[in-house]
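To keep things clear, I will list the structure first and then write my remarks on it.
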Amino acid sequence: MDVLVVGGTGFIGSRLSRTLHEQGHSVTALSRSPGDEPLPDGIRTVAGDVTEYDSIESAFAGQDAVVNLVALSPLFTPAGGNEQHERVHLGGTRNVVRAVEAHDVERLIQLSALGADPDGATAYIRAKGAAERVVQEAALDWVIVRPSVVFGDGGEFIPFTKLLTTPYLTGLPGGGATMFQPIWVGDLVSMLVDAVEDDRHVGSVYELGGPDTLTLADVAKQVYHTEGRPCFVLPIPMAVARLGLTVGEKLPGFPMGADQFRSLQFDNTVSENDIEAFGQRPSNLRTLEGYLTERSAAADAKARSSWMALSTLALFGLLGGGWLLPTVVDIYSYGGLPRLAFLPSYLVSILTYDGGLGLERVASALAPAAPVDGGTLWTVGLFLTFYLVAVLSTWFGRRLRVTAVSIQSDGDRPGQDGESV
Ligand SMILES: NC(=O)c1ccc[n+]([C@@H]2O[C@H](COP(=O)([O-])OP(=O)(O)OC[C@H]3O[C@@H](n4cnc5c(N)ncnc54)[C@H](OP(=O)(O)O)[C@@H]3O)[C@@H](O)[C@H]2O)c1
(Lines give C-alpha, C1' and ligand atoms only; values in the text may rest on other atoms or scores of the structure.)
Protein backbone atom coordinates (compact mmCIF):
# COMPACT_ATOMS: atom_id res chain seq x y z
CA MET A 1 0.00 0.00 0.00
CA ASP A 2 1.00 3.66 -0.42
CA VAL A 3 0.89 5.16 3.07
CA LEU A 4 1.35 8.79 4.06
CA VAL A 5 2.45 9.22 7.68
CA VAL A 6 1.67 12.80 8.69
CA GLY A 7 4.00 13.57 11.62
CA GLY A 8 6.07 10.62 10.36
CA THR A 9 9.30 11.94 11.86
CA GLY A 10 8.13 12.11 15.49
CA PHE A 11 8.51 9.58 18.30
CA ILE A 12 5.68 7.26 17.22
CA GLY A 13 5.63 8.37 13.57
CA SER A 14 9.27 7.55 12.77
CA ARG A 15 8.87 4.11 14.29
CA LEU A 16 5.63 3.54 12.36
CA SER A 17 7.22 4.74 9.10
CA ARG A 18 10.13 2.31 9.55
CA THR A 19 7.89 -0.64 10.37
CA LEU A 20 5.53 0.01 7.46
CA HIS A 21 8.55 0.33 5.15
CA GLU A 22 10.06 -2.93 6.48
CA GLN A 23 6.75 -4.66 5.82
CA GLY A 24 6.84 -3.67 2.16
CA HIS A 25 4.62 -0.59 2.08
CA SER A 26 5.57 2.49 0.13
CA VAL A 27 5.89 5.15 2.84
CA THR A 28 5.95 8.95 2.73
CA ALA A 29 6.69 10.81 5.97
CA LEU A 30 5.46 14.38 6.22
CA SER A 31 6.46 17.01 8.81
CA ARG A 32 7.67 20.58 8.95
CA SER A 33 11.36 19.62 9.10
CA PRO A 34 11.65 16.02 7.87
CA GLY A 35 15.40 16.37 7.27
CA ASP A 36 16.05 16.36 11.02
CA GLU A 37 15.08 12.71 11.46
CA PRO A 38 17.34 10.06 9.87
CA LEU A 39 14.82 7.71 8.25
CA PRO A 40 15.99 4.73 6.19
CA ASP A 41 16.52 5.14 2.45
CA GLY A 42 13.33 4.20 0.66
CA ILE A 43 11.07 6.29 2.90
CA ARG A 44 10.15 9.42 1.01
CA THR A 45 10.06 12.59 3.10
CA VAL A 46 7.97 15.68 2.38
CA ALA A 47 8.07 19.06 4.13
CA GLY A 48 4.69 20.56 4.97
CA ASP A 49 2.75 22.25 7.76
CA VAL A 50 -0.70 20.86 8.50
CA THR A 51 -1.90 24.34 9.44
CA GLU A 52 -1.25 25.41 5.81
CA TYR A 53 -3.37 23.33 3.44
CA ASP A 54 -1.42 24.22 0.29
CA SER A 55 1.83 22.99 1.82
CA ILE A 56 0.51 19.44 2.43
CA GLU A 57 -2.16 18.84 -0.22
CA SER A 58 0.01 17.35 -3.01
CA ALA A 59 1.54 14.71 -0.68
CA PHE A 60 -1.89 13.01 -0.46
CA ALA A 61 -2.10 12.24 -4.19
CA GLY A 62 -2.01 8.51 -4.93
CA GLN A 63 -2.04 7.40 -1.28
CA ASP A 64 -4.11 4.41 -0.11
CA ALA A 65 -3.99 5.31 3.59
CA VAL A 66 -3.01 8.26 5.76
CA VAL A 67 -2.00 8.13 9.43
CA ASN A 68 -2.24 11.48 11.22
CA LEU A 69 0.21 11.72 14.12
CA VAL A 70 0.83 15.45 14.27
CA ALA A 71 1.19 16.50 17.87
CA LEU A 72 1.90 19.26 20.27
CA SER A 73 2.96 17.85 23.62
CA PRO A 74 0.34 18.15 26.38
CA LEU A 75 3.10 18.00 29.02
CA PHE A 76 4.20 21.59 28.46
CA THR A 77 2.53 24.82 27.42
CA PRO A 78 3.21 25.11 23.66
CA ALA A 79 5.22 28.04 22.33
CA GLY A 80 2.50 30.52 21.37
CA GLY A 81 0.14 29.42 24.17
CA ASN A 82 -2.60 26.82 24.59
CA GLU A 83 -4.56 28.13 21.58
CA GLN A 84 -1.90 26.35 19.46
CA HIS A 85 -3.59 23.05 20.36
CA GLU A 86 -6.72 24.17 18.51
CA ARG A 87 -4.70 25.52 15.59
CA VAL A 88 -2.56 22.37 15.15
CA HIS A 89 -4.69 19.46 16.42
CA LEU A 90 -8.07 20.69 15.22
CA GLY A 91 -7.12 23.02 12.33
CA GLY A 92 -4.43 20.57 11.18
CA THR A 93 -6.86 17.63 11.24
CA ARG A 94 -9.39 19.66 9.20
CA ASN A 95 -6.71 20.20 6.54
CA VAL A 96 -5.69 16.53 6.61
CA VAL A 97 -9.32 15.41 6.19
CA ARG A 98 -9.84 17.92 3.38
CA ALA A 99 -6.76 16.61 1.52
CA VAL A 100 -7.81 12.97 2.12
CA GLU A 101 -11.22 13.70 0.59
CA ALA A 102 -9.75 15.73 -2.28
CA HIS A 103 -7.55 12.82 -3.31
CA ASP A 104 -10.02 10.01 -2.58
CA VAL A 105 -7.65 8.37 -0.09
CA GLU A 106 -9.50 5.34 1.25
CA ARG A 107 -8.48 5.33 4.88
CA LEU A 108 -7.48 7.73 7.63
CA ILE A 109 -6.06 6.58 10.96
CA GLN A 110 -6.23 9.38 13.51
CA LEU A 111 -3.99 9.31 16.60
CA SER A 112 -6.01 10.81 19.38
CA ALA A 113 -5.64 10.58 23.16
CA LEU A 114 -7.49 9.03 26.11
CA GLY A 115 -10.25 11.30 27.39
CA ALA A 116 -10.46 13.27 24.10
CA ASP A 117 -13.56 15.45 24.51
CA PRO A 118 -14.60 18.74 22.85
CA ASP A 119 -15.80 19.86 26.31
CA GLY A 120 -12.80 18.46 28.19
CA ALA A 121 -10.77 20.12 30.91
CA THR A 122 -7.63 21.05 28.97
CA ALA A 123 -6.96 22.73 25.63
CA TYR A 124 -5.18 19.57 24.38
CA ILE A 125 -8.08 17.26 25.30
CA ARG A 126 -10.68 19.66 23.80
CA ALA A 127 -8.74 20.00 20.53
CA LYS A 128 -8.25 16.22 20.32
CA GLY A 129 -11.99 15.66 20.95
CA ALA A 130 -13.04 18.22 18.33
CA ALA A 131 -10.56 16.70 15.83
CA GLU A 132 -12.12 13.26 16.39
CA ARG A 133 -15.54 14.74 15.45
CA VAL A 134 -14.10 16.16 12.21
CA VAL A 135 -12.74 12.73 11.31
CA GLN A 136 -15.96 10.90 12.20
CA GLU A 137 -18.08 13.25 10.14
CA ALA A 138 -15.90 12.92 7.02
CA ALA A 139 -16.85 10.80 4.02
CA LEU A 140 -14.03 8.29 4.38
CA ASP A 141 -13.01 5.09 6.16
CA TRP A 142 -11.56 6.11 9.50
CA VAL A 143 -10.03 4.49 12.55
CA ILE A 144 -9.44 6.46 15.75
CA VAL A 145 -6.80 5.31 18.21
CA ARG A 146 -6.58 6.71 21.74
CA PRO A 147 -3.47 5.46 23.53
CA SER A 148 -2.50 6.05 27.14
CA VAL A 149 1.04 7.42 27.60
CA VAL A 150 3.54 5.81 25.25
CA PHE A 151 7.06 4.88 26.36
CA GLY A 152 10.16 3.87 24.43
CA ASP A 153 13.45 5.21 23.14
CA GLY A 154 12.99 8.81 22.08
CA GLY A 155 9.70 9.25 23.98
CA GLU A 156 9.19 12.03 26.50
CA PHE A 157 7.33 10.16 29.25
CA ILE A 158 10.42 8.89 31.12
CA PRO A 159 12.49 12.08 30.68
CA PHE A 160 9.43 14.06 31.84
CA THR A 161 9.06 11.88 34.94
CA LYS A 162 12.73 12.49 35.71
CA LEU A 163 12.29 16.20 35.18
CA LEU A 164 9.43 16.29 37.68
CA THR A 165 11.17 14.20 40.32
CA THR A 166 14.50 13.54 41.99
CA PRO A 167 15.94 10.23 43.22
CA TYR A 168 15.97 9.37 46.95
CA LEU A 169 13.31 11.90 48.03
CA THR A 170 10.85 13.72 45.82
CA GLY A 171 7.70 15.76 46.16
CA LEU A 172 4.73 15.08 43.85
CA PRO A 173 1.33 16.82 43.74
CA GLY A 174 -1.17 14.69 45.65
CA GLY A 175 1.57 12.09 46.25
CA GLY A 176 1.68 11.28 42.51
CA ALA A 177 -1.63 9.38 42.61
CA THR A 178 -2.64 10.04 38.97
CA MET A 179 -2.95 6.71 37.18
CA PHE A 180 -1.39 5.80 33.83
CA GLN A 181 -1.41 2.70 31.69
CA PRO A 182 1.87 3.08 29.80
CA ILE A 183 2.08 1.26 26.48
CA TRP A 184 5.35 0.49 24.69
CA VAL A 185 5.80 2.26 21.36
CA GLY A 186 6.68 -1.02 19.57
CA ASP A 187 3.42 -2.62 20.74
CA LEU A 188 1.38 0.43 19.73
CA VAL A 189 3.05 0.59 16.32
CA SER A 190 2.25 -3.04 15.51
CA MET A 191 -1.43 -2.27 16.26
CA LEU A 192 -1.30 0.85 14.07
CA VAL A 193 0.11 -1.21 11.20
CA ASP A 194 -2.82 -3.59 11.63
CA ALA A 195 -5.23 -0.62 11.58
CA VAL A 196 -3.70 0.47 8.26
CA GLU A 197 -3.91 -2.98 6.68
CA ASP A 198 -7.07 -4.58 8.02
CA ASP A 199 -10.57 -3.45 6.94
CA ARG A 200 -12.10 -4.85 10.14
CA HIS A 201 -10.98 -1.79 12.08
CA VAL A 202 -12.83 0.77 9.95
CA GLY A 203 -15.28 2.90 11.97
CA SER A 204 -13.80 1.95 15.38
CA VAL A 205 -12.56 4.13 18.23
CA TYR A 206 -9.95 2.16 20.15
CA GLU A 207 -8.67 2.87 23.65
CA LEU A 208 -5.28 1.24 24.06
CA GLY A 209 -3.36 0.77 27.29
CA GLY A 210 -0.34 -1.22 28.39
CA PRO A 211 -0.32 -4.25 30.70
CA ASP A 212 0.08 -2.36 34.01
CA THR A 213 -1.84 0.44 35.67
CA LEU A 214 0.65 2.60 37.55
CA THR A 215 0.51 5.81 39.51
CA LEU A 216 2.94 8.59 38.67
CA ALA A 217 4.69 7.75 41.97
CA ASP A 218 5.05 4.08 40.86
CA VAL A 219 6.56 5.23 37.57
CA ALA A 220 9.11 7.48 39.33
CA LYS A 221 10.03 4.63 41.70
CA GLN A 222 10.50 2.18 38.81
CA VAL A 223 12.62 4.64 36.85
CA TYR A 224 15.02 5.24 39.76
CA HIS A 225 14.92 1.67 41.02
CA THR A 226 16.33 0.36 37.72
CA GLU A 227 19.12 2.93 38.08
CA GLY A 228 19.90 1.46 41.49
CA ARG A 229 18.53 4.44 43.43
CA PRO A 230 15.48 4.48 45.72
CA CYS A 231 12.80 7.14 45.46
CA PHE A 232 10.52 8.05 48.35
CA VAL A 233 7.58 10.25 47.47
CA LEU A 234 6.36 13.07 49.68
CA PRO A 235 2.88 14.38 48.83
CA ILE A 236 2.63 18.05 47.89
CA PRO A 237 -0.91 19.30 48.65
CA MET A 238 -2.89 19.73 45.41
CA ALA A 239 -3.81 23.30 46.42
CA VAL A 240 -0.11 24.21 46.60
CA ALA A 241 0.57 22.59 43.20
CA ARG A 242 -2.40 24.44 41.67
CA LEU A 243 -1.19 27.76 43.06
CA GLY A 244 2.39 27.14 41.88
CA LEU A 245 1.35 26.21 38.31
CA THR A 246 -1.31 28.93 38.01
CA VAL A 247 1.11 31.63 39.15
CA GLY A 248 4.02 30.10 37.20
CA GLU A 249 1.96 30.22 33.99
CA LYS A 250 2.02 34.02 34.16
CA LEU A 251 5.82 34.11 34.21
CA PRO A 252 7.49 34.49 30.82
CA GLY A 253 9.09 31.23 29.65
CA PHE A 254 7.58 29.07 32.46
CA PRO A 255 7.00 25.69 30.70
CA MET A 256 3.81 24.53 32.47
CA GLY A 257 0.54 25.95 33.65
CA ALA A 258 -2.99 25.33 34.88
CA ASP A 259 -3.68 22.77 32.11
CA GLN A 260 -0.85 20.56 33.36
CA PHE A 261 -2.34 20.77 36.86
CA ARG A 262 -5.80 19.85 35.51
CA SER A 263 -4.41 16.87 33.60
CA LEU A 264 -2.99 15.53 36.88
CA GLN A 265 -6.54 15.33 38.21
CA PHE A 266 -7.67 12.77 35.61
CA ASP A 267 -6.45 9.23 35.30
CA ASN A 268 -4.94 8.32 31.96
CA THR A 269 -6.32 4.77 31.87
CA VAL A 270 -8.64 2.95 29.48
CA SER A 271 -12.26 2.20 30.36
CA GLU A 272 -11.92 -1.05 28.40
CA ASN A 273 -8.65 -2.11 26.83
CA ASP A 274 -9.22 -2.63 23.09
CA ILE A 275 -5.90 -4.35 22.44
CA GLU A 276 -7.83 -7.58 21.90
CA ALA A 277 -9.17 -6.15 18.63
CA PHE A 278 -5.56 -6.48 17.46
CA GLY A 279 -5.18 -10.04 18.71
CA GLN A 280 -3.19 -8.90 21.76
CA ARG A 281 -3.44 -9.73 25.44
CA PRO A 282 -1.90 -7.71 28.28
CA SER A 283 0.55 -10.53 29.03
CA ASN A 284 1.95 -10.19 25.46
CA LEU A 285 2.76 -6.54 25.89
CA ARG A 286 5.98 -5.07 27.18
CA THR A 287 5.87 -3.66 30.69
CA LEU A 288 7.47 -0.38 31.65
CA GLU A 289 9.51 -2.16 34.31
CA GLY A 290 10.78 -4.76 31.80
CA TYR A 291 11.74 -2.04 29.36
CA LEU A 292 13.57 -0.01 32.02
CA THR A 293 15.44 -3.08 33.29
CA GLU A 294 16.55 -4.13 29.80
CA ARG A 295 17.54 -0.57 28.97
CA SER A 296 19.70 -0.29 32.04
CA ALA A 297 21.32 -3.72 31.36
CA ALA A 298 22.14 -2.59 27.81
CA ALA A 299 23.58 0.67 29.13
CA ASP A 300 25.76 -1.30 31.58
CA ALA A 301 27.02 -3.58 28.82
CA LYS A 302 27.84 -0.51 26.72
CA ALA A 303 29.76 1.05 29.61
CA ARG A 304 31.62 -2.23 30.17
CA SER A 305 32.53 -2.42 26.52
CA SER A 306 33.85 1.19 26.52
CA TRP A 307 35.84 0.37 29.64
CA MET A 308 37.35 -2.68 27.91
CA ALA A 309 38.23 -0.60 24.85
CA LEU A 310 39.98 1.91 27.10
CA SER A 311 41.84 -0.72 29.06
CA THR A 312 42.97 -2.40 25.83
CA LEU A 313 44.31 0.95 24.65
CA ALA A 314 46.06 1.38 27.97
CA LEU A 315 47.59 -2.09 27.61
CA PHE A 316 48.89 -1.19 24.16
CA GLY A 317 50.25 2.06 25.56
CA LEU A 318 51.97 0.26 28.41
CA LEU A 319 53.55 -2.36 26.17
CA GLY A 320 54.55 0.20 23.55
CA GLY A 321 55.93 2.48 26.28
CA GLY A 322 57.69 -0.46 27.87
CA TRP A 323 59.53 -1.04 24.62
CA LEU A 324 60.17 2.52 23.67
CA LEU A 325 61.37 4.00 26.96
CA PRO A 326 64.35 1.72 27.60
CA THR A 327 65.35 2.05 23.96
CA VAL A 328 65.25 5.83 24.18
CA VAL A 329 67.19 5.69 27.46
CA ASP A 330 69.73 3.30 25.98
CA ILE A 331 70.30 5.61 23.06
CA TYR A 332 70.53 8.91 24.89
CA SER A 333 72.03 8.01 28.22
CA TYR A 334 74.04 4.93 27.55
CA GLY A 335 76.21 4.21 30.60
CA GLY A 336 75.09 7.34 32.40
CA LEU A 337 71.63 7.75 33.85
CA PRO A 338 70.64 5.44 36.70
CA ARG A 339 68.47 2.82 35.02
CA LEU A 340 66.54 2.13 38.22
CA ALA A 341 64.10 4.95 37.49
CA PHE A 342 63.04 3.03 34.41
CA LEU A 343 62.60 -0.29 36.20
CA PRO A 344 58.79 -0.46 35.70
CA SER A 345 59.06 0.03 31.97
CA TYR A 346 61.90 -2.48 31.84
CA LEU A 347 59.67 -4.99 33.60
CA VAL A 348 57.02 -4.57 30.93
CA SER A 349 59.60 -4.81 28.20
CA ILE A 350 60.92 -8.06 29.67
CA LEU A 351 57.50 -9.59 28.97
CA THR A 352 57.78 -8.79 25.30
CA TYR A 353 61.56 -9.06 25.15
CA ASP A 354 61.30 -12.63 26.35
CA GLY A 355 59.47 -13.44 23.11
CA GLY A 356 62.52 -12.29 21.16
CA LEU A 357 64.96 -14.07 23.46
CA GLY A 358 62.91 -17.25 23.25
CA LEU A 359 62.95 -17.07 19.46
CA GLU A 360 66.71 -16.50 19.50
CA ARG A 361 67.20 -19.60 21.67
CA VAL A 362 64.93 -21.73 19.48
CA ALA A 363 66.71 -20.50 16.33
CA SER A 364 70.17 -21.19 17.72
CA ALA A 365 69.09 -24.63 18.93
CA LEU A 366 67.71 -25.48 15.48
CA ALA A 367 70.60 -24.01 13.50
CA PRO A 368 73.65 -23.64 15.77
CA ALA A 369 75.97 -23.32 12.77
CA ALA A 370 74.13 -20.30 11.35
CA PRO A 371 73.32 -17.97 14.25
CA VAL A 372 70.52 -15.58 13.46
CA ASP A 373 70.98 -11.92 14.27
CA GLY A 374 69.62 -11.29 17.81
CA GLY A 375 68.30 -7.81 16.89
CA THR A 376 66.14 -9.24 14.11
CA LEU A 377 64.66 -11.81 16.47
CA TRP A 378 64.10 -9.12 19.06
CA THR A 379 62.03 -7.16 16.49
CA VAL A 380 60.12 -10.26 15.45
CA GLY A 381 59.36 -10.88 19.14
CA LEU A 382 58.02 -7.36 19.43
CA PHE A 383 55.70 -7.79 16.46
CA LEU A 384 54.54 -11.19 17.68
CA THR A 385 53.63 -9.69 21.04
CA PHE A 386 51.70 -6.84 19.47
CA TYR A 387 49.97 -9.30 17.15
CA LEU A 388 48.96 -11.44 20.11
CA VAL A 389 47.59 -8.46 22.01
CA ALA A 390 45.68 -7.29 18.91
CA VAL A 391 44.11 -10.74 18.42
CA LEU A 392 43.18 -11.03 22.09
CA SER A 393 41.70 -7.55 22.31
CA THR A 394 39.69 -8.04 19.10
CA TRP A 395 38.35 -11.30 20.50
CA PHE A 396 37.45 -9.55 23.79
CA GLY A 397 35.85 -6.63 21.95
CA ARG A 398 33.75 -8.95 19.77
CA ARG A 399 32.56 -10.97 22.75
CA LEU A 400 31.54 -7.82 24.60
CA ARG A 401 29.82 -6.46 21.54
CA VAL A 402 27.88 -9.71 21.06
CA THR A 403 26.77 -9.53 24.71
CA ALA A 404 25.73 -5.90 24.36
CA VAL A 405 23.87 -6.50 21.09
CA SER A 406 22.04 -9.56 22.42
CA ILE A 407 20.92 -7.69 25.52
CA GLN A 408 19.86 -4.80 23.31
CA SER A 409 17.91 -6.89 20.83
CA ASP A 410 16.13 -8.65 23.67
CA GLY A 411 15.28 -5.20 24.87
CA ASP A 412 13.89 -4.18 21.52
CA ARG A 413 12.22 -7.49 20.82
CA PRO A 414 13.43 -8.96 17.56
CA GLY A 415 10.71 -9.01 14.97
CA GLN A 416 9.41 -5.64 16.04
CA ASP A 417 11.08 -2.42 15.10
CA GLY A 418 14.09 -1.81 17.29
CA GLU A 419 16.39 1.02 18.22
CA SER A 420 19.45 1.14 20.27
CA VAL A 421 19.28 2.37 23.78
N1 LIG B 1 3.65 10.08 22.98
C2 LIG B 1 2.62 9.80 23.77
O3 LIG B 1 2.78 9.42 24.95
C4 LIG B 1 1.22 9.92 23.23
C5 LIG B 1 0.14 9.54 24.05
C6 LIG B 1 -1.16 9.64 23.56
C7 LIG B 1 -1.37 10.12 22.29
N8 LIG B 1 -0.31 10.50 21.51
C9 LIG B 1 -0.61 11.02 20.17
O10 LIG B 1 0.18 10.30 19.23
C11 LIG B 1 0.53 11.18 18.16
C12 LIG B 1 2.05 11.16 17.94
O13 LIG B 1 2.69 11.56 19.14
P14 LIG B 1 4.30 11.63 19.25
O15 LIG B 1 4.61 11.43 20.69
O16 LIG B 1 4.93 10.75 18.24
O17 LIG B 1 4.56 13.16 18.90
P18 LIG B 1 5.92 13.87 18.47
O19 LIG B 1 7.10 13.03 18.77
O20 LIG B 1 5.87 15.24 19.05
O21 LIG B 1 5.80 13.99 16.89
C22 LIG B 1 5.01 14.94 16.29
C23 LIG B 1 5.22 14.92 14.79
O24 LIG B 1 4.38 15.89 14.20
C25 LIG B 1 5.16 16.78 13.39
N26 LIG B 1 4.51 18.09 13.44
C27 LIG B 1 4.31 18.89 14.52
N28 LIG B 1 3.66 20.00 14.14
C29 LIG B 1 3.43 19.90 12.81
C30 LIG B 1 2.80 20.72 11.84
N31 LIG B 1 2.26 21.90 12.18
N32 LIG B 1 2.74 20.30 10.56
C33 LIG B 1 3.29 19.10 10.19
N34 LIG B 1 3.90 18.28 11.06
C35 LIG B 1 3.98 18.68 12.35
C36 LIG B 1 6.55 16.75 14.05
O37 LIG B 1 7.61 17.10 13.15
P38 LIG B 1 8.07 18.64 12.94
O39 LIG B 1 8.25 19.21 14.30
O40 LIG B 1 9.31 18.51 12.12
O41 LIG B 1 6.99 19.28 12.18
C42 LIG B 1 6.64 15.27 14.37
O43 LIG B 1 6.96 14.54 13.21
C44 LIG B 1 -0.02 12.54 18.53
O45 LIG B 1 -1.26 12.73 17.92
C46 LIG B 1 -0.18 12.46 20.03
O47 LIG B 1 -1.16 13.36 20.49
C48 LIG B 1 0.96 10.42 21.96
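The values are calculated or read from the model by the stated rules, or taken from the named source; none is laboratory data. Everything numeric in this text was worked out from a predicted model, so none of it was measured. Note: ideal-geometry Cβ built from the backbone for every residue, glycine included; neighbour counts use all protein chains shown.
General remarks:
- Within segment 108-154, being within 12 Å of the ligand (Cβ to nearest atom) and among the basic types (Lys, Arg) holds for 128, 146.
- Which numbered condition residue 51 misses (of (1) more than 7 Å from the ligand (Cβ to nearest atom); (2) more than 22 Å from the chain's Cα centre (by Cα); (3) among the hydroxyl-bearing types (Ser, Thr, Tyr)): (1)
- Residue selected from segment 13-48 under the condition assigned to a loop (DSSP other than H, G, I, E, B) and either modelled with pLDDT of 95 or more or closer than 18 Å to residue 71 by Cα (or both), by the criterion farthest from the ligand (Cβ to nearest atom): 24
- Restricting attention to segment 230-268, the residues that are surrounded by 19 or more Cβ atoms within 10 Å (Cβ to Cβ) and assigned to a loop (DSSP other than H, G, I, E, B) add up to 1.
- A count restricted to segment 68-126 and to residues that are of a type outside the set (A, V, I, L, M) and surrounded by fewer than 16 Cβ atoms within 10 Å (Cβ to Cβ) stands at 10.
- Residue 10 passes every criterion in (1) surrounded by fewer than 19 Cβ atoms within 10 Å (Cβ to Cβ); (2) near the ligand (Cβ under 7 Å from one of its atoms) apart from (1).
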